[in-house]
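Here is the structure we will look at, set down as structure tokens.
Every number here is computed from the coordinates shown, using simple stated rules; none is lab data. Every value quoted in this text rests on a predicted model; they were computed, and no experiment measured them. All Cβ positions, even for glycine, are placed from backbone atoms using ideal geometry, and neighbour counts span all protein chains on display.
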Amino acid sequence: MLSLAVVLDAGFWSVLTDSRQLGLATLIAAGAILFGFLVRRVWPRSMNPLLFGWLSATALVALLAYLGVATAGFVLALFIAAAILIAILALVFN
């Protein structure tokens, strides 16, 4: 079990103040986006490759967060915020 100090240190805002965690978050996001792009290119066109590319990138980040990478939780929150923003923009401009 993690101590309270470790949990508080790995909070949402600590990622923005620590350059090492910010770099790790950037690498996780870039790797997930690249993975999602590769899935999108391989996925058949008749089966909505954009959706499955986005879902595979999000699933990769969620798996890292589940395995205990604290910075992946920050990236997962950013991915969810981006999905909400895209959904709002789709409703407004469609």
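Comparison of Thr58, Thr26 shows that the only residue that is of a type in the set (Ser, Thr, Tyr), surrounded by fewer than 18 Cβ atoms within 10 Å (Cβ to Cβ) and assigned to a helix (DSSP H, G or I) is Thr26. In region 30-39, the residue that is surrounded by the most Cβ atoms within 10 Å (Cβ to Cβ) out of those that are without any contact (Cβ under 8 Å) to a residue 40 or more places away in the chain and under 18 Å from Ala82 (Cα atoms) is Gly36.
Within region 54-79, the set of residues being out of contact with any Leu (no Cβ under 8 Å at 6 or more places or on another chain) and over 19 Å from Gln21 (Cβ atoms) comprises Trp54, Leu55, Ser56, Ala57, Ala59.
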